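The next block holds one structure in the form of structure tokens; read it before the comments.
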Amino acid sequence: MLVLLPLLLLAPLGAIACLVPALAARAGRIATMVTAAAFALALVLAARVLAGGPVAGANLWLRADALSALVTLVVTAIAAACAWYGEYYMPVVLAREREQDRWPAGRYEALYLALVAGMLLGALANNLGLLWIAIEGATLASALLVGYYRRPGAVEAGWKYLLLCSVGIALALLATVLLYYSAVHVLGDGSRGLHWSVLRDVAGSLDPRFVKLAFLFALAGYGAKAGLAPMHSWLPDAYSQAPTPVAALMSTGLLATSLTGLLRFHAVTAACVGHEWSSGLLVSFGVLSMLVATPFLLVQGEYKRLLAYSSIEHTGILTFAIGVGTPLAVFGGLLHLFVQSFAKSLAFLVGGSIARGAASRRMDQWSGVLEASPALGTLLVGAGLGLVGLPPAATFLSEWLSLAGAFASPHRGAAVAAVVALVIVFAGLTFHWGRMVLGRARPRFTDLLPAASHAPLWALLAALVLLGFWLPAPLRALLDRAVEVLS
Amino acid sequence: MNLQLPDWLPRSNTVNLLAGAFLLSALYAAAQRRTLAAITAYRFNSLALGGIALTVALATGTRHIALAALLVIAVKGGVIPSLLRKQALRGGGALETEPYFGVPAGMLVCGALVVIAFSQTRALFGSGVSILASCLPVSVATTLVGMFLMVSRKQALMQVVGLVILENAIFLAAVSLTYGMPLVVEMGVLLDLLVGVALLGLFVSRIEQTHGSGDTTKLSDLKG
């Protein structure tokens, strides 16, 4: 409890601080400090969970097990890196906007921290109602950020995002109600019937029909938020229109939080009606997401939309691996949830620098990045390796483990389909990356951001590569514990 | 929990009457071409929902359900319709909605949805889940009508009305299945809903600014 409360209060307090006029001018720095402090607390929390098992608080409304600790680490680490980069990126963006289109100072950072607060509450909530409130809150904060720019495209993207995710999240509320109902005759009414840890313990005596129905609605609702096909149509628009640091955070932290929501329902369903039923659905939707994303990856001309489809593909891999359900595959899936966050946020952020430098969001305007700016070129190559899952990036390890686990399970057909999708993605991304990185540099390319803005990018790349060679023993233990949570 | 209504309240009739008003107001919204009329229908929809929750509270004597019911009446029957109304008036008052279906065709679809909902809910849940069992098919039917309203209209604000009706239907499911969720959860959900509608209203006015009207078919810049 002593860790949970500060972790949950930091971001909202930071958001309020950003809105104070006297501090608004330094809001960027505040956001970085707050998220970095949250990351430190997340490390403490992970150590606590490793040492003494789940940490509970607030009468079981909050509870951090290994899975929550893992998601908290992802959210805070990426949020800190993106806030740090945002300190350099957002002033450059603001300088290009017309005077009347600029937001008042501090408001962007306040909403950014509100989004972080929602994600952290979602990761640490044990009560499924609270989980729902947190994810909906994060959706609302991010919807305003998606509509940050005053251009027609951003308005369209924000509208679609808000409306589609509101419907999705309404279905997730129905899922919560149904699960609560399935428990009322066991637990009586009261908040205990919504506590996940309680529900999982009594899962055997829940009414299987309603648990199944609840899982279906959760799959549609939280699946839509995580970007599972076919509920993904909002995602490329939202990611391509949101400011770069926000898109990077949404495609990693918000994805992880929403997916955890779905996995909580999965764990209860598996404990109630057996593993096969919900696993089969996760595997099918995972592979479907991978297959749906691949053709769009091949023909995409705009960098952020490319990353959005890559995000759908990675969500697919994750869901597929966790659905397969063998300890090896789930380990691979959760490791992928962790390391793909570094690759994807790095890809978004370095793309932000290059897009500003080349004055275009289209990849055909980006040739010869390596020659024009060796630092950005190297970072872009690193991000590319991470996205396709090649060594030395850690995503190679996680995808390898996921597939190895899948081939050793009854889901071999799905594993073959996943490999086919991965090969096509590999070909497509290699083609795009070759065109961007190599070739003659564009004469007018200049990196508009100060050189200090490269520091968070190098940090992300270092984490991505380091984890590919060396998995620290505590992280490995944490992943093992998280696998136990899901099985 | 054993549901015992006081003697002076004709129990099944009260709930059935309110459930009927709930479904009919949703259908009335689906039959409207004018957004303002649909918003008024939503207001009655919410009041019927609040009435059902109040009846449950009276019958069970539970204070937290009564509080949740009053909150529903205040937020869903008061604040949200007023927000939507203000938005509709700002966008030019008597907005003509432009459905993909004409009103008669739309009503036929809604009728079919209601029939499907009533027949399938019985099959799934059986009869006699609780004394509020009659509300459950109504809730499923209204969910479907709300979704139909969202996909059959081009007008942005009308899609929002469809969304809030759908949310009402899910609230009704919560009330009729479990006599409502814990109060803290209900309050959080209502707060999120309120902020959500305010944001949707904000986006509707931005769409009207950037695209000239609230017609969502003009939102087609982003592709591929």
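Structural remarks
- Alpha-carbon centroid distance for the pair the stretch A:86-105 / the stretch A:226-281, whole angstrom: 31
- Cα gyration tensor, the stretch A:69-182 - rounded (a/c under 1.5), prolate or oblate: oblate
- Ellipticity estimate at 222 nm from DSSP helix runs (n ≥ 4, -39,500 (n - 2.57)) divided over chain B, nearest 500: -25000 deg cm²/dmol
- Taking the Cα centre of chain A as reference, the dipole from Cβ charges on Lys and Arg (+1) and Asp and Glu (-1) amounts to some 660 debye.
- Sulfur and carbon atoms: percent of accessible area, the stretch A:69-174 [1.4 Å]: 60
- Annotation for B:Ala123 and A:Ser487: the two label points, set 7 Å from Cα along the Cα-Cβ direction, are 3.8 nm apart.
- Panel note: contact residues of the stretch A:90-135 (accessible area lowered by at least 30 Å² against the chain on its own; 1.4 Å probe) correspond to A:Trp132, A:Ile133.
- Sorting B:Arg153, B:Arg34, A:Arg440, A:Arg192 by accessible area puts them as A:Arg440, A:Arg192, B:Arg34, B:Arg153; the probe is 1.4 Å, largest comes first, and only protein heavy atoms count.
- For A:Lys212, solvent-accessible area (1.4 Å; no DNA, RNA or ligand), Å²: 80
- Put a plus charge on the Cβ of each Lys and Arg, a minus charge on the Cβ of each Asp and Glu, and nothing anywhere else: the dipole of the stretch A:288-487 about its Cα centre is then about 460 debye.
- With all protein chains in place and a 1.4 Å probe, the accessible surface of the stretch A:288-487 carries 71 percent carbon and sulfur.
- Global geometry of chain B, whether rounded, prolate or oblate, following the gyration tensor of its Cα atoms and the 1.5 cut on a/c: prolate
- Relative contact order of chain A, pairs being alpha-carbon contacts under 8 Å that are 6 or more residues apart, as %: 16
- Nearest-20 debye value, the stretch A:177-251 charge dipole, Cβ charges on Lys, Arg, Asp, Glu: 100
- Average Cα contact separation per residue, the stretch B:5-222, under 8 Å, 6 or more apart, as relative contact order %: 23
- Distance between the modelled labels on B:Val103 and A:Glu99, one decimal in nanometres: 5.0 nm (7 Å Cα→Cβ projection).
- In sequence order, calculated HN-Hα J values of the stretch B:100-114 (Karplus, 6.51, -1.76, 1.60; Hz; x Gly/Pro): 5, 9, x, 4, x, 5, x, 5, 4, 4, 4, x, 4, 4, 5
- Think of a 1.4 Å ball rolled over the protein heavy atoms: the stretch A:1-158 then has 34 Å² of accessible area per residue.
- Cubic angstrom per residue, convex hull over Cα atoms of the stretch A:258-415: 99
- Among A:Leu422, B:Thr210, A:Leu164 - extreme Cα towards positive end, dipole of the protein assembly as shown, charges at beta-carbon: B:Thr210
- Mean residue ellipticity (222 nm) of chain A, computed from DSSP H runs ≥ 4 via -39,500 (n - 2.57), nearest 500: -26000 deg cm²/dmol
- Chain A pair-distance distribution - Cα-Cα, 10 Å bins, rounded %: 4, 21, 33, 27, 11, 3, 0, 0
- FRET E, pair B:Ser205, A:Ala40, Förster distance 51 Å, beta-carbon r, rounded to 0.05: 0.75
- Residue order for A:Arg26, A:Arg264, A:Arg209 - accessible surface, 1.4 angstrom probe, largest first: A:Arg26, A:Arg209, A:Arg264
- Of all lysines in the structure, those lying under 29 Å Cα to Cα from A:Lys304, and not within fewer than 8 positions of it along the same chain, are A:Lys160, A:Lys225, A:Lys344, B:Lys154, B:Lys218, B:Lys223.
- Whole-Hz Karplus values for the stretch B:162-175 come out as x, 5, 6, 5, 4, 5, 4, 4, 5, 4, 5, 4, 4, 5 Hz, taken residue by residue from phi with 6.51 cos²θ - 1.76 cosθ + 1.60 and θ = phi - 60°; glycine and proline positions read x.
- B:Arg34 long-range amide H proximity, modeled H, under 5 Å: B:Thr97
- Surface composition of chain B: carbon and sulfur make up 66 percent of the accessible area, probe 1.4 Å.
- Summed over both chains, the area buried between B and A is near 3900 Å², taken from the accessible surface of protein heavy atoms with a 1.4 Å probe.
- Modelled FRET efficiency - R0 25 Å, A:Ser284 with A:Val423, Cβ distances, 0.05 increments: 0.80
- Using the 1.4 Å probe convention, the accessible area of the stretch A:288-487 works out to 36 Å² per residue with neighbouring protein chains retained.
- Sequentially through the stretch B:189-205, phi angles give Karplus couplings (6.51, -1.76, 1.60; θ = phi - 60°) of 4, 5, 4, 4, 4, 4, 4, x, 5, 4, 5, 4, x, 4, 5, 4, 5 Hz, Gly and Pro residues having no value and appearing as x.
- Across the stretch A:342-469, the convex hull enclosing all Cα atoms gives 92 Å³ per residue.
- Scanning residues 5 or more positions from B:Gln155 or on other chains, those with amide H under 5 Å from its amide H are B:Glu98, B:Thr216, with H placed 1.01 Å from N in the peptide plane.
- Listed residues A:Ala154, A:His185, A:Leu385: farthest to the positive end of the dipole of the protein assembly as shown (Cβ charges): A:Ala154
- Oblate is the label for the stretch A:420-467, because the ratio a/c of its alpha-carbon gyration tensor axes (a ≥ b ≥ c) is 1.5 or higher and a/b is not greater than b/c.
- Rounded FRET efficiency, nearest 0.05, which uses the C-beta distance separating A:Val92 from A:Ala25 and R0 of 22 Å: 0.85
- With a 10 Å cut-off around each Cβ of B:41-49, the average count of Cβ atoms from other chains is 0.
The values are calculated or read from the model by the stated rules, or taken from the named source; none is laboratory data. This one's a predicted model, so the numbers in the text were calculated from it and none came from an experiment. Ideal geometry is used to build each Cβ from the backbone, glycine not excepted, and the neighbour counts take in all protein chains shown. For accessibility, only protein heavy atoms count, side chains too; no ligands or nucleic acids. Shrake-Rupley method; radii C 1.70, N 1.55, O 1.52, S 1.80 Å.
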